[in-house]
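The values are calculated or read from the model by the stated rules, or taken from the named source; none is laboratory data. Quick caveat: nothing in here was measured; it's all calculated off a predicted structure. Every residue, glycine as well, gets a Cβ built from its backbone with ideal geometry; the counts of neighbours run over all protein chains shown. Heads up: the accessible areas ignore ligands, DNA and RNA and are worked out on the full protein's heavy atoms, side chains in. Shrake-Rupley method; radii C 1.70, N 1.55, O 1.52, S 1.80 Å.
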2 protein chains.
Amino acid sequence: MELKPVTERFILHWGEMGSRWGVNRTVAQIHALLFLAGRPLDAEEIAETLSVARSNVSNSIKELQAWRLVRVVHLMGDRRDYFETSADVWTLFKLIVEGRRQREIDPTLSVLRECLASPDMAAESLGSRQRINETLAFMEILTTWMDEMLRMQPETLMKTLGVGAKISKVVRKSPAESKR
Amino acid sequence: MELKPVTERFILHWGEMGSRWGVNRTVAQIHALLFLAGRPLDAEEIAETLSVARSNVSNSIKELQAWRLVRVVHLMGDRRDYFETSADVWTLFKLIVEGRRQREIDPTLSVLRECLASPDMAAESLGSRQRINETLAFMEILTTWMDEMLRMQPETLMKTLGVGAKISKVVRKSPAESKR
DNA sequence: CGATCGTTTCTGTATAAGAAGAAATATTGA
DNA sequence: TCAATATTTCTTCTTATACAGAAACGATCG
């Protein structure tokens, strides 16, 4: 598949940002490609379009599946795996936040709870104890609230965020328009 | 400085998570150390406590300053630089979100705007155009709303988040207790 | 204006991550 | 069951990052 100029720009940029977002370039590029393609692609086509090794596509797809950002679909009379991502930005955002939460927050919550429960905690200074306590409390509030937010429908969310209806429409449009 | 067991655990964990959060181990460890120490430390003491090279401390501190997470302070009659971070979790959170926004969001906003403004945009399919549009709209809504949230006082914020007053108190306690 | 102490920059090395290509495995259709 | 094709795993090479140690630089005090 030949990429149009803007699509290419978008994919290359997404790839560069990938490293800052905690995924490697190829993973981010594949996701961007699937997002813009708007139709399922097979691994071969992805590899050719992005000029990366076939195996690299395979591994990257696996990582995207771990994030639940990519699904497998099949076409009648074709035994290849085709891959697609959601066309809806809000859905993608939810999945990404969930993934980051699991990787970047949850382990810390566990450790903080263990620290606070430990008998060694008594040996710590009052200040340390308080700060560890506050850190845990803060992170719990934040994640609880984030979970609630993620359960919302885009419309409800936009109201909650106090955003005008005009932009809300733009976001809402996407699931309808995606043809699947 | 000898670290107490829980402090050490906290610092080591913070360091491990650092890589997932986009900063290296030493940077995260130093930040954790300053957070728990509750008093300004000089570079030498940091290096000894964490058993890292003096130059490593110097560079890591610079990165923490770029995040605005660490400040320099001086003690009368002592020409060394002492470093401290905020004891208030909410303040730290704000600085981190701001930093990540600059690094992880703003460049993408620019590129998306450029893409949409480009004459090449006409060559793109309707679906691509819509998805790029929606991506930008979504990210703009989100950042605008985040900016508003970050300007809030903890108390206001907690009300907005619909969190009970009891936890709000825990968060509020910290600026008062920090002795500076 | 030296001497001392602190800070920054530079350079080499070790480690980890990314990606390609080859090899092995699995699946389908004839 | 065999041949053809698709997919995954393994190995190797490359690149990027982290870190230590040394050297250079800068500032302050006597």
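Things worth noting here:
- Within the range A:31-57, considering residues that are part of a helix (DSSP H, G or I) and open to solvent by 60 Å² or more (accessible area, probe 1.4 Å), the one nearest to DNA strand C (Cβ to nearest atom): A:55
- Any chance residue A:33 is within 12 Å of DNA strand D (Cβ to nearest atom), of a type outside the set (D, E, K, R) and in contact with a strand residue (DSSP E or B) (Cβ under 9 Å, 6 or more places away or on another chain): no
Each row is one residue, and each column tells you yes or no for (1) facing chain B (nearest Cβ under 8 Å); (2) farther than 18 Å from residue B:21 by Cα.
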site: A:82; (1), (2): no, yes
site: A:87; (1), (2): yes, yes
site: A:97; (1), (2): no, no
site: A:106; (1), (2): no, no
site: A:113; (1), (2): no, yes
site: A:128; (1), (2): yes, yes
site: A:135; (1), (2): yes, no
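- Residue among B:23, B:52 that alone is more than 10 Å from every other protein chain (Cβ to nearest Cβ), closer than 19 Å to residue A:105 by Cα and within 12 Å of DNA strand D (Cβ to nearest atom): B:23
- Breaking point among (1) more than 14 Å from chain B (Cβ to nearest Cβ); (2) touching a strand residue (DSSP E or B) at 6+ places or on another chain (Cβ under 9 Å); (3) of a type in the set (Lys, Arg), for residue A:39: (1)
- Qualifying position, being open to solvent by less than 60 Å² (accessible area, probe 1.4 Å) and modelled with pLDDT under 90, among B:73, B:111, B:97, B:89: B:73
- Every pair of residues 6+ apart whose Cβ atoms lie under 6 Å, when the first sits in the range B:79-90 and is more than 15 Å from residue B:41 (Cβ to Cβ) while the second is modelled with pLDDT of 90 or more: B:89/A:134; B:89/A:135; B:89/A:138
- Some residue of the range B:136-156 being closer than 20 Å to residue A:157 by Cβ and not in a helix (DSSP H, G or I): yes
Residue-by-condition table, conditions (1) charged (D, E, K, R); (2) within 20 Å of residue B:102 (Cα to Cα):
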| position | (1), (2) |
| --- | --- |
| B:7 | no, no |
| B:12 | no, no |
| B:19 | no, yes |
| B:24 | no, yes |
| B:41 | no, no |
| B:45 | yes, no |
| B:55 | no, no |
| B:59 | no, no |
| B:79 | yes, no |
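- Residue check, residue B:83 aromatic (Phe, Trp, Tyr) and more than 12 Å from the chain's Cα centre (by Cα): yes
- Among the residues examined, residue B:106 qualifies as free of Cβ contacts under 8 Å to residues at least 40 places away in the same chain and assigned to a helix (DSSP H, G or I).
- Criterion violated by residue B:78 - all others in (1) more than 11 Å from chain A (Cβ to nearest Cβ); (2) open to solvent by less than 50 Å² (accessible area, probe 1.4 Å); (3) closer than 14 Å to residue B:143 by Cα; (4) among the charged types (D, E, K, R) satisfied: (3)
- Residue match in the range A:9-22 (condition: under 30 Å from residue B:23 (Cβ atoms), crowded, with 22+ Cβ neighbours inside 10 Å and near DNA strand C (Cβ under 10 Å from one of its atoms)): no
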